[in-house]
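The values are calculated or read from the model by the stated rules, or taken from the named source; none is laboratory data. Not measured: the values here are computed from a predicted model. A quick note on method: Cβ atoms are made from the backbone with ideal geometry, for glycine too, and the neighbour counts reach across all protein chains shown.
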Amino acid sequence: MPKLRNHSGGKKRFRKTATGKFTHRKAGRKHLLTPVSASRKHDMRHVGVITPESNKGKVLAKYLPMAK
């Protein structure tokens, strides 16, 4: 049986919480922020949450089997 490994791209971008959900940073915060409104910038500060029951959550569970 082969070794069980995490997806190296996934472990840089997602983190598993204690309740089993996955968190990630939102896109669009690197540059060209001058025309963006303050309220939109504020919304991008919060982390995104993916539940394990969703389709993305099921894919992430396969990508990160050893995530804590």
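Of note:
Yes/no matrix, rows are residues, columns are (1) aliphatic (A, V, I, L, M); (2) assigned to a loop (DSSP other than H, G, I, E, B); (3) exposed (fewer than 12 other Cβ atoms within 10 Å of the Cβ); (4) at pLDDT below 95:
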| residue | (1), (2), (3), (4) |
| --- | --- |
| Lys3 | no, yes, yes, yes |
| Asn6 | no, yes, no, yes |
| Lys12 | no, no, yes, yes |
| Arg40 | no, no, yes, yes |
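- In segment 22-37, residue nearest to the chain's Cα centre (by Cα) [restricted to those that are surrounded by 11 or more Cβ atoms within 10 Å (Cβ to Cβ) and of a type outside the set (Phe, Trp, Tyr)]: His24
- Test result for Thr19, closer than 26 Å to Ala61 by Cβ and surrounded by 12 or more Cβ atoms within 10 Å (Cβ to Cβ): no
- Residue match in segment 42-50 (condition: of a type outside the set (A, V, I, L, M, F, W, C) and at pLDDT 95 or above): no
Per-residue answers, yes or no, for (1) assigned to a loop (DSSP other than H, G, I, E, B); (2) touching a His at 6+ places or on another chain (Cβ under 8 Å); (3) free of Cβ contacts under 8 Å to residues at least 12 places away in the same chain:
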position: Lys26; (1), (2), (3): yes, yes, no
position: His31; (1), (2), (3): yes, no, yes
position: Thr34; (1), (2), (3): yes, no, yes
position: Met44; (1), (2), (3): no, no, no
position: Val59; (1), (2), (3): no, no, yes
position: Pro65; (1), (2), (3): yes, no, no
position: Lys68; (1), (2), (3): yes, no, no
